[in-house]
Amino acid sequence: GAGRINTVTFKESGADMGGIIVNAASPTVSANLRFGTAGDKEGFIYVEAARTLTLTADVAAGGVTKFGTGVLALSKDLRSFDQTTAAGFNWTVNEGQLTLSTFGASGTGSITLNGQATQLNLRAQNNDARNLAYSMASINTVDNSIIDWDAGLNDSISTIGAINITNTATGALQD
């Protein structure tokens, strides 16, 4: 409608790129986000502890890195930006949680959980018996991160991408 911002573009300045910092309240962003003029730059999102940033629109980026111990929640199917091209970029979670509330919320790239303070929450609701699939290519976990999956309905099937596990520990206590 009138006065609505449809897309926020974070323009690059040389090799530098912008991002989002959430350190008060728990906002919902309903405008499309484009990192770089062409949507091909790295997006950085910081969410403070006890806060949640919910994105309900499209994201175009070369990749997105999430840090801060709060929650980044994605509720928009990102398999297409403005219904045109697939969001094939990767998500990296260095701290906190990433929550996917719909099957295509991560687009078609990979998700990397970097370390013990990271968690992926799979919360898309499969309300029938069909096999519905999350769209990520793979989930890469490093050093004991958590994947929490709630299908929401008994006797339903949901599919996720391949899970790749990396343990960087050395010495006798590698478990």
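Residues in the range 3-60 that are open to solvent by 20 Å² or more (accessible area, probe 1.4 Å), in a loop (DSSP other than H, G, I, E, B) and in contact with a Leu (Cβ under 9 Å, 6 or more places away or on another chain): 4 in all. When T69 is tested against (1) at pLDDT below 95; (2) part of a loop (DSSP other than H, G, I, E, B), only condition (1) is not met. The condition (being farther than 28 Å from A60 by Cβ, open to solvent by 70 Å² or more (accessible area, probe 1.4 Å) and of a type outside the set (S, T, Y)) is satisfied by just one residue among Q125, Q116: Q116.
The one condition from (1) of a type outside the set (F, W, Y); (2) modelled with pLDDT under 85; (3) more than 28 Å from T9 (Cβ to Cβ) that A133 does not meet is (2).
Among residues of the range 7-20 that are on the phi > 0 side of the Ramachandran plot and at pLDDT below 90, none has a beta-carbon under 7 Å from a residue that is outside any strand (DSSP E or B) and open to solvent by less than 50 Å² (accessible area, probe 1.4 Å) at least six positions away or on a different chain. Here is a check on your reading of the model: is E95 acidic (D, E), at pLDDT 90 or above, closer than 14 Å to G109 by Cβ and open to solvent by 40 Å² or more (accessible area, probe 1.4 Å)? Taking the combined requirement at face value, the residue does not satisfy it.
Confirm whether G171 is surrounded by fewer than 12 Cβ atoms within 10 Å (Cβ to Cβ) and without any contact (Cβ under 8 Å) to a residue 60 or more places away in the chain. In short, yes. Among the conditions (1) at pLDDT 90 or above; (2) more than 15 Å from I45 (Cβ to Cβ); (3) open to solvent by 40 Å² or more (accessible area, probe 1.4 Å), G152 misses just one, which is (1).
The values are calculated or read from the model by the stated rules, or taken from the named source; none is laboratory data. Just so it is clear, the structure is predicted and the values come from calculations on it, not from any experiment. Using ideal geometry, Cβ is built from the backbone for each residue, glycine included, and neighbour counts are taken over all protein chains shown. Areas reflect the complete protein model, heavy atoms only, side chains present, ligands, DNA and RNA absent. Shrake-Rupley method; radii C 1.70, N 1.55, O 1.52, S 1.80 Å.
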